[in-house]
């Protein structure tokens, strides 16, 4: 009996083994497709410094998944070589469009051979009409958030697109027994709080890249003002991040300057396994993300899956996490200012900034909220995640999408549905 040929997908994204949201979701998608037995992958893993540039294989998947570390996200010459050597059936790529101008310029070389599938995120409006030429250089666009989906459908309504949001593994990111949480907190952070771990101390969690748009420095300043109101021994802020990130602020310097060196602000800088991260969400009472631009925000979704409510800026994908339109799973802060910013690549986009006063009031509201109400909010949040951002839907949607694209559009000798020319009425 002849074995059915597997669909080969070439992916370009952050390194799939890196802890970034893009890397994590790429890994989730690839592993889910590999488990179906229908696919094989060749991945260009970028957006980080590599110790080696040799192709990598996993013990579990062997030849079915090969990852090549690259600088940036690759380049035209490298892609031309890989296309000819690997002969993939689909090109799948993901992250901010400003990194892929070189790729879309090669549309006339790539699309006659294989369909281009873009997993796209966009942070905000006004509608980026300058992206239209990029959107229309794809065969299919999967949109990560409702904001992104609305943007694509309005900017390029003729391009095939589908809302396919991020997902989390709700078996890993779940509520843990109280004893496990307490033991983890004492063993991991007990000494940082002083002589003993106080289970009654309120804990805020921040899990993000220490980058400008994430507002890490602002949060520390505002957290001090919050402590000035409730008492410096009543709460702590745990920040899981790189305090010396070249794209962010010197968080050590800020904490020292503000005198928050007695356990008020704690840093977790080591990369950890998902189960450890899950325990960190469980240990805390609330997770915060006040970024001025956030395409989706995976950390807050993981937090809700662990039944820990969130405080977020009502921007990008964060706003669809904190409420379903009826129930609230935390506190959403409306931007106090909305400025049009831009660059040579991105002429205009809204930057949503919240005020310090609104952030402090949100922290106070969460701190003063009765525990039972906070726990109910967390349980509703997990139900929201399980219903709308579950792994089963994520995996089945990708399997159906990639299979349909391959069947309807083909590749190489069977490629159809794409022409290198178009007719225009003059």
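Is one or more of the residues making up the stretch 416-426 modelled with pLDDT of 95 or more and either under 27 Å from residue 161 (Cβ atoms) or buried (at least 18 other Cβ atoms within 10 Å of the Cβ) (or both)? Checking the stretch 416-426: not a single residue is modelled with pLDDT of 95 or more and either under 27 Å from residue 161 (Cβ atoms) or buried (at least 18 other Cβ atoms within 10 Å of the Cβ) (or both). Taking the stretch 285-310 as the range and being closer than 17 Å to residue 374 by Cβ and surrounded by fewer than 24 Cβ atoms within 10 Å (Cβ to Cβ) as the test, only 285 passes.
Restricting 184, 267 to residues that are farther than 24 Å from residue 315 by Cβ and either part of a strand (DSSP E or B) or assigned by TED's automatic domain parsing to the domain that holds residue 151 (or both) narrows the list to 267. Filtering the stretch 112-123 to residues that are farther than 15 Å from residue 160 by Cα and surrounded by 21 or more Cβ atoms within 10 Å (Cβ to Cβ) leaves 114, 121, 122, 123. Meeting the requirement of 3 or more residues that are in contact with a helix residue (DSSP H, G or I) (Cβ under 6 Å, 6 or more places away or on another chain) and surrounded by 14 or more Cβ atoms within 10 Å (Cβ to Cβ), the strands (runs of 3 or more DSSP E) wholly within the stretch 319-358 are 330-333.
Among the conditions (1) at pLDDT 95 or above; (2) within 29 Å of residue 328 (Cα to Cα); (3) under 27 Å from the mean Cα position of the chain (by Cα), residue 392 misses just one, which is (1). Among the residues of the stretch 32-69, the one identified as surrounded by 19 or more Cβ atoms within 10 Å (Cβ to Cβ) and modelled with pLDDT under 90 is 46.
Mind telling me which of the residues 21, 101 ends up being surrounded by 15 or more Cβ atoms within 10 Å (Cβ to Cβ), assigned by TED's automatic domain parsing to the domain that holds residue 395 and more than 18 Å from residue 7 (Cβ to Cβ)? Show your work before the answer.
Numbers: 101 fails: surrounded by 15 or more Cβ atoms within 10 Å (Cβ to Cβ).
21 is the lone residue from the list that is surrounded by 15 or more Cβ atoms within 10 Å (Cβ to Cβ), assigned by TED's automatic domain parsing to the domain that holds residue 395 and more than 18 Å from residue 7 (Cβ to Cβ).
Being under 21 Å from the mean Cα position of the chain (by Cα), surrounded by 15 or more Cβ atoms within 10 Å (Cβ to Cβ), free of Cβ contacts under 8 Å to residues at least 40 places away in the same chain and within 23 Å of residue 304 (Cβ to Cβ) narrows it down to one residue among 216, 278; which is it? Spell out how you get there, then give the answer.
Details: 278 fails: free of Cβ contacts under 8 Å to residues at least 40 places away in the same chain.
On inspection, the qualifying residue turns out to be 216.
The values are calculated or read from the model by the stated rules, or taken from the named source; none is laboratory data. Computed from a predicted structure; not experimentally measured. Here Cβ is always computed from backbone atoms with ideal geometry, including for glycine, and neighbour counts include all displayed protein chains.
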